[in-house]
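Where a number appears in this text, it was derived from the coordinates with a stated rule and is not lab data. Everything numeric here is computed off the predicted structure, so don't read it as measured data. Neighbour counts are summed over all protein chains in view; Cβ atoms, including those assigned to glycine, are modelled from backbone coordinates with ideal geometry.
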There are 4 protein chains.
Amino acid sequence: MYDFETEFEVRDYECDIQGIVNNSVYQNYLEHTRHKFLTSLGHDFAKLSKQGINPVVYKVIIEYKKPLKSGDKFICRLKMQKEGNLKLIFKQDIYRKPDEMLMVKGEVTAVVLKNGRPVKPDFLVS
Amino acid sequence: MYDFETEFEVRDYECDIQGIVNNSVYQNYLEHTRHKFLTSLGHDFAKLSKQGINPVVYKVIIEYKKPLKSGDKFICRLKMQKEGNLKLIFKQDIYRKPDEMLMVKGEVTAVVLKNGRPVKPDFLVS
Amino acid sequence: MYDFETEFEVRDYECDIQGIVNNSVYQNYLEHTRHKFLTSLGHDFAKLSKQGINPVVYKVIIEYKKPLKSGDKFICRLKMQKEGNLKLIFKQDIYRKPDEMLMVKGEVTAVVLKNGRPVKPDFLVS
Amino acid sequence: MYDFETEFEVRDYECDIQGIVNNSVYQNYLEHTRHKFLTSLGHDFAKLSKQGINPVVYKVIIEYKKPLKSGDKFICRLKMQKEGNLKLIFKQDIYRKPDEMLMVKGEVTAVVLKNGRPVKPDFLVS
């Protein structure tokens, strides 16, 4: 059902006063997962950027089900699909290890800009 | 139309390889705005946390309209409303200065937990 | 005694499990202060970077005297001096408001690279 | 020569406008390495914190030899030694993979506070 997955562990500096991973940090996890997915397809975010090709996030929806805590290990899973001609939808879910509890449900909509204009993301998905 | 606003400026360490503010950083801006709003109402996030009262984010929706860049100044505006008995909805929008361009539209749903259980957020909104 | 100063307030997302500002965040404060100092001299870090001129940090020494906490306001003060032909030394100290307690003492050594090679920082200090 | 090592890879959100890992992020790497070292000794930073035992950083010296970039993998190596009765010195160096280039040399001085007062760190090193 997913196209890609990668593992992480919580780092203490990612936790806040409440002793749990700060909400913004999940976006870091989701971004790093997308970039590793890109790499697994033979692309490189930093190189694309130098060529004037910038995948940019258009919309993010994150549902926080349960908080990750210091010491937790977890898996970020990703499914990519096209919407219309220009949009990419990434379904991105975070599961705690080893109990496979769903912690976060994410949906990230991205478009690919080439020299500032949206282009069909055909190099990523057909 | 908004209940609260506060000003920021982009700090260079918040910008990424693309030369624009990283997507996750906007959640920091939104969180800091909510906490300053709390403070303006006479509450304190860190003190609430020590009393076992934890406002937690349940869902975030962020639309990225235009990117903030190094040197930009901007205003975060917030409107709080109740949904049902337990949920708080924060409409949070970011406008660039001085042209008042809408950069980001956010909607953050929160619930207040007391010793881990949802309670009515009557100390915040009636 | 100092050449420049700028004010901040602690943001809750900068605090960690111990309820105090995480050690790494002070480097953000120090960097932002240096960049604002550059701006006050008529220079712009992002623009310099596009021209191939990159001030880079060579060495950092930070003494943590007392921790900043949620809600604290503070002032970052900076003094710049040359060392030899190529090095810039920034003495950077952080004082809490309003009691002027010294929280952090920093010393940052930087060099200016132009297309990857060190150059005399004469546009900054003579 | 080192007591502990752990591997990382650069995440793109850790890179800044210059396209290299931001200086402050190395402190995150060094902290996470120390906490994993603690864990390897059977201790847990978050649990210690709840018991009122807080290892705190007193001084940091970081020499930036070469910058880490997007996609780099690297190893953080650590050596712990006592200084006097109360201080712990962590020598922490970062080597790029696979060429073993030394990127960063760090020295972190810490003390252990119990309910706010320095105590001998005998549970860590004798």
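Can you list the distances in nanometres, one decimal and ascending, from the A:THR109 label point to the identical position in each other copy, with the point 7 Å along Cα to Cβ?
1.7, 5.2, 5.5
Divide by every residue of chain B the summed helix terms, -39500 (n - 2.57) for each DSSP H run of at least 4, and state the resulting mean residue ellipticity at 222 nm, rounded to the nearest 500 deg cm²/dmol.
-6000 deg cm²/dmol
What are the nm distances, shortest first, from A:ASP44 to its equivalents in the other copies, labels at 7 Å along Cα→Cβ?
Ordered by distance, the counterparts are at 3.0, 4.0, 5.0 nm.
Taking every Cα atom in chain B, find the radius of gyration and the maximum pairwise distance Dmax, and write them in Å.
In Å, with Rg to one decimal and Dmax whole: 15.3, 45.
Strictly over 25 Å apart at the Cα level, which of B:LYS97/D:LYS69; A:LYS120/B:LYS66; A:LYS69/D:LYS66; A:LYS47/B:LYS97 would you flag in this model?
Violating the 25 Å limit, Cα to Cα: B:LYS97/D:LYS69; A:LYS69/D:LYS66; A:LYS47/B:LYS97.
May I ask you to evaluate 6.51 cos²θ - 1.76 cosθ + 1.60, the Karplus curve with θ = phi - 60°, for each residue of region D:66-71 and list the ³J(HN,Hα) values in order in whole Hz, giving x for glycine and proline?
Karplus values, whole Hz, x for Gly and Pro: 8, x, 7, 10, 3, x.
Could you state the angle between the C-alpha long axis of helix C:23-40 and the longest principal axis of the C-alpha atoms of chain C, as a value from 0 to 90 degrees rounded to the nearest 10?
Approximately 50 degrees, to the nearest ten.
Which ³J(HN,Hα) values, rounded to whole Hz and listed in residue order, are derived for region C:45-59 from phi using the Karplus coefficients 6.51, -1.76 and 1.60 in 6.51 cos²θ - 1.76 cosθ + 1.60 with θ = phi - 60°, glycine and proline given as x?
4, 5, 5, 3, 4, 5, 7, x, 9, 10, x, 10, 7, 9, 7
Sorted from shortest, what are the nm distances separating the label point of A:LYS87 from equivalent points in the other copies, each placed 7 Å from Cα along Cα to C-beta?
Label-point distances to the other copies, shortest first: 2.0, 5.5, 5.8 nm.
Quick one: if you stick a label point 7 Å off each Cα along the C-beta vector at C:LEU41 and A:LYS65, how many nm between them?
Once both label points are built, they end up 5.3 nm from each other.
Which ³J(HN,Hα) values in Hz, rounded to whole numbers, follow from the phi angles of region C:16-21 under the Karplus curve 6.51 cos²θ - 1.76 cosθ + 1.60, where θ = phi - 60° and Gly and Pro get x?
These are the phi-based 3J(HN,Hα) values: 10, 3, 6, x, 10, 4 Hz.
Provide the net charge surrounding C:VAL108, with neighbours chosen by a C-beta distance below 10 Å and charges set as Lys +1, Arg +1, Asp -1, Glu -1.
+1
Build a GNM of chain B with springs between Cα atoms under 10 Å: which of B:ARG11, B:ARG77, B:ARG34 gets the top mean-square fluctuation?
Sorting by GNM fluctuation, first place goes to B:ARG11.
Please check: in the Gaussian network model of chain D (C-alpha springs, under 10 Å), which one of D:ASP16, D:ASP44, D:ASP72 has the largest mean-square fluctuation.
Of the options given, D:ASP16 has the highest mean-square fluctuation.
Which shape class, rounded, prolate or oblate, goes with the protein assembly as shown when its Cα gyration tensor gives a ≥ b ≥ c as root eigenvalues, a/c under 1.5 marks rounded, and past that a/b bigger than b/c marks prolate?
Rounded, because the longest to shortest axis ratio a/c is under 1.5.
Find the centroid of the Cα atoms in region A:1-25 and in region C:18-89, then give the distance between the two in whole Å.
That distance is 28 Å.
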